Amino acid sequence: MKKYIIRRLLALIPTLFVVSIVIFSIIHMTPGDPAAMILGDKASVEDIEALREAMGLNDPLPVQYINWVTGVFHGDLGQSVFIDEPMTQILKEYMAPTFSLTIYAMIISTVLAIPLGVIAAKKRGSFTDQGISFLSMIGISMPSFLLGLLLILGFAVQLRWFPVGGYKTIAKDGLIAHIRYLTLPALALGFMEAALIIRLTRSSVLEVLASDYVKMAKAKGVSEFALIMKHAFKNALIPILTVLGQTFMALLAGAAIVESVFNIPGIGRLTVNSVNRRDYEVIQAVVLMVSLINVVMCLAVDLLYGLVDPRVRLED
């Protein structure tokens, strides 16, 4: 197991190297001049050129890339020219709301979706199954920004159960306030992914229930609850684990839209604003960080396979 983990961690290096090249190339091919955007429309050509020289934008692209990667290896992700703070501090400040929102949405998706998927499989063809399938169809069809606006209208404006938007930290405002401000955004963000998990869980459990060993256990008089939870669900968990890992990354990527709707100062809004003003350092650091999280999540899912499925052995 240890050797497997070490090999996978070492594989991060070439993966992130390729990702860094792609990130750097795409960003620098994007139209727009950061120096011109900083100084504004009334700036002279000489002033813009002087700022470009100070920012290193006149250097050849390979030189700019090497300077950036060298800084990354030394723990220096650069400094935003608009926020005027080191990227490590910016990521620390803006990642916290996004991670809180993503984890909360992940919990909501998992807690709602997996039991509903199992129930739909157990009640196949019934009114309950059709109702759950209809609910999942709505979740797949409705975009998160529209659901967010509906939740604001219903639960924030009309019922006044939750705030319209904003963000409260646990350290300053407490856990209850933190959860209240994130509940509607988490529901808006996680509902679509919950619908996908419901459909996958239902199909996986149905597939296992149709297998011969489950039919044999049923013929031997095994109770329906034990048949579902002990035999069917455990063996249906492998594809569910796969989609849960993908769900986390989908929620992290989709947080930008929800953060804009609910005015949450997270990494998603930061990225959108940075793209609009061509803040290269921020975009490069954020995308590289998200790529690292994605690779680590894939590794975590692979490790969970070895714990859940006895047929999977991670060789040393």
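The values are calculated or read from the model by the stated rules, or taken from the named source; none is laboratory data. Just so we're clear, the structure is a prediction, and the values are computed from it rather than from any experiment. No Cβ is skipped: glycine too gets one built from the backbone with ideal geometry, and neighbour counts run over all protein chains shown.
Got a sec? Which of 125, 117, 139, 148 is exposed (fewer than 15 other Cβ atoms within 10 Å of the Cβ) and either in a loop (DSSP other than H, G, I, E, B) or modelled with pLDDT of 75 or more (or both)? Walk me through it before giving the result.
Details: 117 fails: exposed (fewer than 15 other Cβ atoms within 10 Å of the Cβ); 139 fails: exposed (fewer than 15 other Cβ atoms within 10 Å of the Cβ); 148 fails: exposed (fewer than 15 other Cβ atoms within 10 Å of the Cβ).
Step by step, each of 125, 117, 139, 148 is checked, and only 125 is exposed (fewer than 15 other Cβ atoms within 10 Å of the Cβ) and either in a loop (DSSP other than H, G, I, E, B) or modelled with pLDDT of 75 or more (or both).
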ask   = Which one of these does residue 73 not meet: (1) in contact with a helix residue (DSSP H, G or I) (Cβ under 7 Å, 6 or more places away or on another chain); (2) among the aromatic types (Phe, Trp, Tyr); (3) within 30 Å of residue 302 (Cα to Cα)?
value = (1)
Residue 245 touching a Leu at 6+ places or on another chain (Cβ under 8 Å), in a helix (DSSP H, G or I) and surrounded by fewer than 23 Cβ atoms within 10 Å (Cβ to Cβ) = no
ask   = Restricting region 32-46 to residues that are exposed (fewer than 10 other Cβ atoms within 10 Å of the Cβ) and either of a type in the set (S, T, N, Q) or at pLDDT 70 or above (or both), which is farthest from residue 65 (Cα to Cα)?
value = 42
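For residue 193, are the conditions met, namely being acidic (Asp, Glu) and within 23 Å of the chain's Cα centre (by Cα)? Even if it seems obvious, please write down each step before you answer.
Numbers: acidic (Asp, Glu): yes; within 23 Å of the chain's Cα centre (by Cα): yes.
Yes.
Condition check ((1) over 25 Å from the mean Cα position of the chain (by Cα); (2) of a type in the set (S, T, N, Q)) across all residues:
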residue: 152; (1), (2): no, no
residue: 161; (1), (2): yes, no
residue: 165; (1), (2): no, no
residue: 169; (1), (2): no, yes
residue: 178; (1), (2): no, no
residue: 197; (1), (2): no, no
residue: 223; (1), (2): yes, yes
residue: 232; (1), (2): yes, no
residue: 236; (1), (2): no, no
key: Hits in region 204-253 (condition: free of Cβ contacts under 8 Å to residues at least 24 places away in the same chain and under 30 Å from residue 145 (Cα atoms))   = 246
